[in-house]
1. Explain nothing, just compute: Karplus ³J(HN,Hα) = 6.51 cos²θ - 1.76 cosθ + 1.60, θ = phi - 60°, for every residue of the stretch 23-31 in order, whole Hz, x for Gly and Pro.
2. Of all the stretches in the chain, which is the longest one without any exposed loop site, taking trypsin sites (Lys or Arg not before Pro) in a DSSP loop (any state but H, G, I, E, B) with at most 16 other Cβ atoms within 10 Å?
3. Mind listing which GluC sites (Glu not before Pro) in the stretch 1-55 are in a DSSP loop and have 13 or fewer other Cβ atoms within 10 Å?
4. Using θ = phi - 60° and the Karplus form 6.51 cos²θ - 1.76 cosθ + 1.60, what ³J(HN,Hα) does each residue of the stretch 69-78 get, whole Hz, x for Gly and Pro?
5. Taking just the alpha-carbon atoms of the chain, what radius of gyration and Dmax come out, in angstrom?
Amino acid sequence: MPRTQIKKIGNSLGLLLTDEILKLLDICVDDEVDITVKDRVLIISPLNEKERKQKIDNAVQNTFKRRKTAYQRLAEGV
């Protein structure tokens, strides 16, 4: 597996991904990725647009469920 280093980039630190790593992940410049940390392991996954849309839809539905009464009162003009 290829290796890389953490580098200082301005006031931040960055992880430089080589072309080899990008090819393995099937990502390229400006692609959005999901980042997860589990047991001190960093996991970078290509963002699947279908999954992203589903996550957004789920978040919206959960918000509507939690705030149902408030939205109903707004609709009634209370």
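What follows draws every value from the coordinates through simple rules; no lab data is involved. Computed from a prediction, not measured in an experiment: that's the story for all the values here. Positions of Cβ are backbone-derived with ideal geometry, glycine not excepted, and every protein chain shown enters the neighbour counts.
1. Per residue, the Karplus-derived 3J(HN,Hα) values read 5, 4, 7, 6, 10, 9, 3, 6, 5 Hz.
2. That gives 4-39 as the longest site-free run.
3. Listed in order of number, the matching sites are 32.
4. Here the 3J(HN,Hα) series is 4, 4, 5, 5, 5, 4, 5, 7, x, 7 Hz.
5. 19.7, 61
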